[in-house]
Amino acid sequence: MGNCGIVASKTALVFLNLIFWAAAGVLCYAGGYVFVTYDDYDHFFQDVYTLVPAAVVLGAGALLFITGLVGCYSTVRESPCGLASFVFILLLVLMIEVAVVVLGYVYIAKVEENVNSSIQAAYNEYNGTNSDAPSRAIDYVQRQLRCCGINNYSDWTNTPWFEGSKNNSVPISCCKPDLSACTGSLTRPEDLFQEGCEALVVRKLKEIMIYVIWAALTFAAIQMLGMLCACVVLCHRRQETVYDLLTTGETYA
């Protein structure tokens, strides 16, 4: 029965190491996705410290890849030193992921406050040209999230761009995609997106952070199982070593 348990633990551990490699890729993708998405929304969310969880997740992914290499070698060889290193690295990654979860919840609470304080400034900087970063960001967000203005399309009437253009229209990016003849004119509000961008930007950023949190929690659970299997194999190896020493001692006696 004991040997069956060891074989099962080693088999599970090898399988888990393969999962760790896949997990490393997923965590790196999650961290990279946050960085890329932040670049699209950075004019609406100025707190760069929100990228801390993403950076930590990238680091955890790199460590998890190394863990998979160490784990596979140590499991096959039943190396006590390697298995101990494997458990230590897993514990380190687990602590990092716990930090990611805590930081994620902290920044989720700050998202709405930060967007509220920066979105008006972004709309005030809009000038309608593709060469201007705030203008590109606003047009991109309005098209991607299908929104117009801060709370609704009427918010555009309070912007410097609207007052300067004097054509009683909002940007074309406010037009519904199936209406090719839409010019953004406020005389045809039914052609425009009705929902404001502020609430949708907040929701999008919160969804991204929750995605990172769930990725960290999922792989933390898998790592705990890997630590358990490694400890079983490590204890079995030590028992064999003690038995060999006792047997050798009896022989010389």
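Every residue, every condition in (1) surrounded by fewer than 20 Cβ atoms within 10 Å (Cβ to Cβ); (2) closer than 15 Å to ALA215 by Cα; (3) without any contact (Cβ under 8 Å) to a residue 40 or more places away in the chain, yes or no:
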residue	(1), (2), (3)
LEU64	no, yes, no
TYR73	yes, no, yes
PHE88	yes, no, yes
TYR105	yes, yes, no
ASN116	yes, no, no
GLN120	yes, no, yes
Screening SER169, SER173 for residues that are under 33 Å from the mean Cα position of the chain (by Cα), over 24 Å from MET209 (Cα atoms) and at pLDDT 90 or above leaves only SER173
Over the stretch 147-170, the set of residues open to solvent by 10 Å² or more (accessible area, probe 1.4 Å), touching a residue at least 40 places away in the same chain (Cβ under 8 Å) and either farther than 14 Å from VAL202 by Cα or part of a helix (DSSP H, G or I) (or both) is ASN152, TYR153, ASP155
Of those in the stretch 29-42 that are open to solvent by less than 50 Å² (accessible area, probe 1.4 Å) and either outside any helix (DSSP H, G or I) or at pLDDT 70 or above (or both), the residue farthest from GLY71 (Cα to Cα) is ASP42
| Taking the condition open to solvent by 70 Å² or more (accessible area, probe 1.4 Å) and either more than 24 Å from the chain's Cα centre (by Cα) or in contact (Cβ under 8 Å) with a residue 60 or more places away in the chain (or both), does GLU195 pass? | yes
Given the conditions (1) open to solvent by 40 Å² or more (accessible area, probe 1.4 Å); (2) modelled with pLDDT under 85; (3) among the hydrophobic types (A, V, I, L, M, F, W, C), every one holds for VAL100 apart from (1)
Those residues of the stretch 171-192 which are in contact with an Asp or Glu (Cβ under 9 Å, 6 or more places away or on another chain) and either open to solvent by 10 Å² or more (accessible area, probe 1.4 Å) or of a type outside the set (Gly, Ala, Ser) (or both) amount to PRO171, ILE172, CYS174, CYS175, LYS176, LEU179, ALA181, CYS182, THR183, SER185
Of the residues in the stretch 8-28 that are open to solvent by 10 Å² or more (accessible area, probe 1.4 Å) and at pLDDT 75 or above, the one that is nearest to ALA54 (Cα to Cα) is CYS28
Review point. Does the stretch 202-210 contain at least one residue that is in contact with an Asp or Glu (Cβ under 6 Å, 6 or more places away or on another chain), at pLDDT below 90 and open to solvent by 40 Å² or more (accessible area, probe 1.4 Å)?
Key: no
For PRO134, the lone unmet condition from (1) open to solvent by 40 Å² or more (accessible area, probe 1.4 Å); (2) in a helix (DSSP H, G or I) is (1)
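The values are calculated or read from the model by the stated rules, or taken from the named source; none is laboratory data. Keep in mind it's a predicted model, so treat the numbers as computed, not measured. Neighbour counts run over all protein chains shown; Cβ positions are idealised from the backbone, glycine included. Areas reflect the complete protein model, heavy atoms only, side chains present, ligands, DNA and RNA absent. Shrake-Rupley method; radii C 1.70, N 1.55, O 1.52, S 1.80 Å.
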